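Below: the structure, in structure tokens.
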Amino acid sequence: MKNKLIIIVPGQFNSIFFEIFFKALKKIKILSPLLLICNKKDFVKNANKNKYTGKIQSIKNLGEIEKKMINIIDIKIKVSKKKHIQRTYNNKYLEDCFNTAFKIIKKKLSYKLLNGPINKNIFLKNKYLGITEYISKYFRTNNVGMLIYNKKLSVCPLTTHLPIKFVTKRITKKLIEDRLKIINNFYLDKFKFKPKIGVTGLNPHCESISSFNEDKKVISPAIKSSKKKGISVFGPYPADTIFLKQNRSKFNVILGMYHDQVLTPLKTLYEYDAINITMGLPFLRVSPDHGPNEKMVNKNLSNPTSLFKALEFLDQN
């Protein structure tokens, strides 16, 4: 299934995506044909700015795809001098890009999707916790998981972009069991081995002065039941020590209870050498593990490593 079409939704206007995208094209060789779903005029402007000299073409159907050039489905966007109106136009444009990509995937003409960084607060308008949930809702897939993947060590937050005060209410035995199953199945399917999974506790040192300790009442039973189902899972471990070198080396994946509990140490260890994968979808969806970083636009200083890794992952799977 390698060398199949990679669909790319560059994401929002005024981001660093095209800067790192053209750096990627110069750095790595992608064997799969590329289809960008974006505004062609904006693409050409950025191509010229980044001195890209490769061939590009607009297409109207996938039968016109050429492997040795950049293929573009041109998505129109309205323009306004008023910022609040332009923001609405930008959101509509981004929605049109995603919907076009989703229709191609639903027709099973591709199973690989990469989206560029997106300002979730502006685009999602608090309707979804993140792009993971936005995409899974469209495909009516409830049981999904966010995997921040690095070959040496990956992490998965049980709850994603959820305010801390709501985290404890979301943590259930079933949710942990479901997430462990998704991780296990994803590794077996994509990497052909059973992963060793470490699970963090919720409370400091896995202890609590409360009469209800989630680590003992919820997390531990979920780990025990998952072990009985053949999943190689261990824990719970205190979050402040599981990432020590001698501890993290025992695992392929660490499942944490909330976003920053596992993403902060992973990014400290590997910085941009990781990608965001949505597990549980009927296709592969990845994105660079960083935001649009509007403050860095036009400075040519952004690190392209995460996009390199994302493109290589899709090209090889």
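Here are the numbers for the structure shown:
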item: Additional length obtainable on full extension of the chain from residue 29 to residue 48, 0.36 nm per residue less Cα span; result: 4.8 nm
item: Part-to-part distance (alpha-carbon centres) for the stretch 114-193 and the stretch 43-58, which is given in Å; result: 34 Å
item: Mean separation of Cα contacts under 8 Å, 6 or more apart, over the residue count of the chain: relative contact order %; result: 24 percent
item: Rounded to whole Hz, the Karplus (6.51, -1.76, 1.60) HN-Hα couplings of the stretch 237-246, x for glycine and proline; result: 10, x, 5, 7, 10, 5, 8, 4, 3, 5
item: Summed residue charge, Cβ within 10 Å of residue 242's Cβ, Lys/Arg positive, Asp/Glu negative; result: +1
item: √(5λ) per eigenvalue of the Cα gyration tensor, the stretch 85-226, largest first, Å; result: 32, 21, 12
item: Value of D in µm² per second that Stokes-Einstein yields for the stretch 144-280, Kirkwood Rh from Cα pairs, at 10 °C (1.306 mPa s); result: 107 µm²/s
item: Options 123, 306, 75, ranked by Cα towards positive dipole end of the chain, top entry (Cβ charges); result: 75
item: The chain: antiparallel DSSP beta bridges as a percent of all, rounded to 5; result: 25 percent
item: The chain: most fluctuating residue of 118, 104, 197 per GNM, C-alpha cutoff 10 Å; result: 104
item: Directionally averaged projected area (convex hull, Cα atoms, the chain), nm²; result: 17.0 nm²
item: Value of [θ]222 nm, deg cm²/dmol, for the chain, DSSP H segments ≥ 4, -39500 (n - 2.57) each, nearest 500; result: -11500 deg cm²/dmol
item: Sorted by Cβ neighbour density within 10 Å, fewest at the top, the residues 65, 254, 131; result: 65, 131, 254
item: Candidate lysines - alpha carbon under 26 Å from residue 107, same-chain residues fewer than 8 apart omitted; result: 2, 4, 40, 60, 67, 68, 76, 92, 137, 190
item: Extension gain (nm, one decimal) between residue 58 and residue 190, 0.36 nm per residue minus Cα-Cα; result: 44.3 nm
item: Length added when fully stretched, residue 246-residue 81, from 0.36 nm per residue minus Cα-Cα; result: 53.8 nm
item: For the stretch 144-280: relative contact order, % (alpha-carbon pairs under 8 angstrom, 6 or more apart); result: 42 percent
item: All aspartates and glutamates inside 18 Å of residue 49 as judged from Cα atoms, apart from same-chain residues fewer than 8 positions distant; result: 19, 294
item: Rounded to 5, percent antiparallel among DSSP beta bridges of the stretch 144-280; result: 40 percent
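Readers should treat all values here as calculations from the given coordinates under stated rules, not as data from a laboratory. Computed from a predicted structure; not experimentally measured. No Cβ is skipped: glycine too gets one built from the backbone with ideal geometry, and neighbour counts run over all protein chains shown.
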